[in-house]
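The values are calculated or read from the model by the stated rules, or taken from the named source; none is laboratory data. This is a predicted model, so every value here is computed, not measured. FYI the Cβ positions are ideal-geometry reconstructions off the backbone, even for glycines, and counts take in every protein chain you see. SASA here: full protein model, heavy atoms, side chains in, ligands and nucleic acids out. Shrake-Rupley method; radii C 1.70, N 1.55, O 1.52, S 1.80 Å.
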Amino acid sequence: MDIVYLGHSSFRIKGKNAVVVTDPFDPKMVGLKYSGVEGDIVTVSHNHNDHNQTSLVKNVKKVVVGPGEYEIMGVSILGFASYHDGAKGEKRGPNTIYVFEMDDLRICHLGDLGHELSEDLVEALGDIDILFVPVGGEFTIGPEGAVKVVQAVEPTLTIPMHYQALGLNQESFKVLAPVEAFLKEVGLTVERLPKLTVKKEDLGEDQKVVVLEKK
């Protein structure tokens, strides 16, 4: 499996049977380039323009929006209801957490999660190999909240997202914390890669953080 970071909360996950793209964004709003992206399946965590621009992904066969169980091209997708804020959605609305089962790996994308996870939700998510977690704060959980989520889920690999980055539209996102704030708090080994290539059998027992460079 190959995982490429497209920026913000968007990733391209290429498995044996399908390519999944998460949370495609409006480049004008976000400030980062978003073009030439192709995928079979697109998931949308919530209906905000920096996460729902499905028309920008080419050759899509299925768009997944909201909680539920989906089976598409050999990829199992579970969507879990959550919130974009700590007030049960009163400020920013709902958010969907997705768990993908592909290539014998279980991958969890938290979207714009705005609160800590309940014990019941952690149990429902199950064993997670790779966790995509927002760490920038303000619109989502921040560095400390993200650490608590990582500690609760206990993934083998944690990939941070939705943080301050070079080129990000400062009118919209100047309040986001940089990824270094999360890395300092989490206290795990950090690896920086242009892309992640991973197989289930290659995963060790030790937890670590992988910071992916934007494509």
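Within segment 74-94, can you find the residues that are open to solvent by 20 Å² or more (accessible area, probe 1.4 Å), touching a strand residue (DSSP E or B) at 6+ places or on another chain (Cβ under 7 Å) and hydrophobic (A, V, I, L, M, F, W, C)? Residues satisfying the conditions are Leu78, Phe80, Ala81.
Restricting to segment 142-152, and then to whatever is open to solvent by 10 Å² or more (accessible area, probe 1.4 Å) and in contact (Cβ under 8 Å) with a residue 24 or more places away in the chain, can you tell me which residue is nearest to Gly187 (Cα to Cα)? Across segment 142-152, the extreme among qualifying residues is Val147. Annotation: of all residues in segment 1-46 being under 15 Å from the mean Cα position of the chain (by Cα) and in a loop (DSSP other than H, G, I, E, B), the one that is nearest to Leu157 (Cα to Cα) is Ser9. Filter segment 95-127 down to the residues that are under 25 Å from Val198 (Cβ atoms), open to solvent by 10 Å² or more (accessible area, probe 1.4 Å) and assigned to a loop (DSSP other than H, G, I, E, B) and list them by number. Once the filter is applied, which keeps residues that are under 25 Å from Val198 (Cβ atoms), open to solvent by 10 Å² or more (accessible area, probe 1.4 Å) and assigned to a loop (DSSP other than H, G, I, E, B), segment 95-127 yields Asp103, Asp104, Leu117, Gly126, Asp127. If a residue has to be within 21 Å of Gly114 (Cα to Cα), part of a helix (DSSP H, G or I) and touching a strand residue (DSSP E or B) at 6+ places or on another chain (Cβ under 9 Å) to count, how many in segment 182-215 make the cut? Adding up the residues that qualify gives 3. Only one of the numbered conditions (1) open to solvent by 10 Å² or more (accessible area, probe 1.4 Å); (2) closer than 13 Å to Leu110 by Cα; (3) hydrophobic (A, V, I, L, M, F, W, C) is not met by Ile159, and that is (1). The set of residues in segment 34-60 that are of a type outside the set (Val, Ile, Thr) and closer than 27 Å to Ala124 by Cβ comprises Gly39, Asp40, Ser45, His46, Asn47, His48, Asp50, His51, Asn52.
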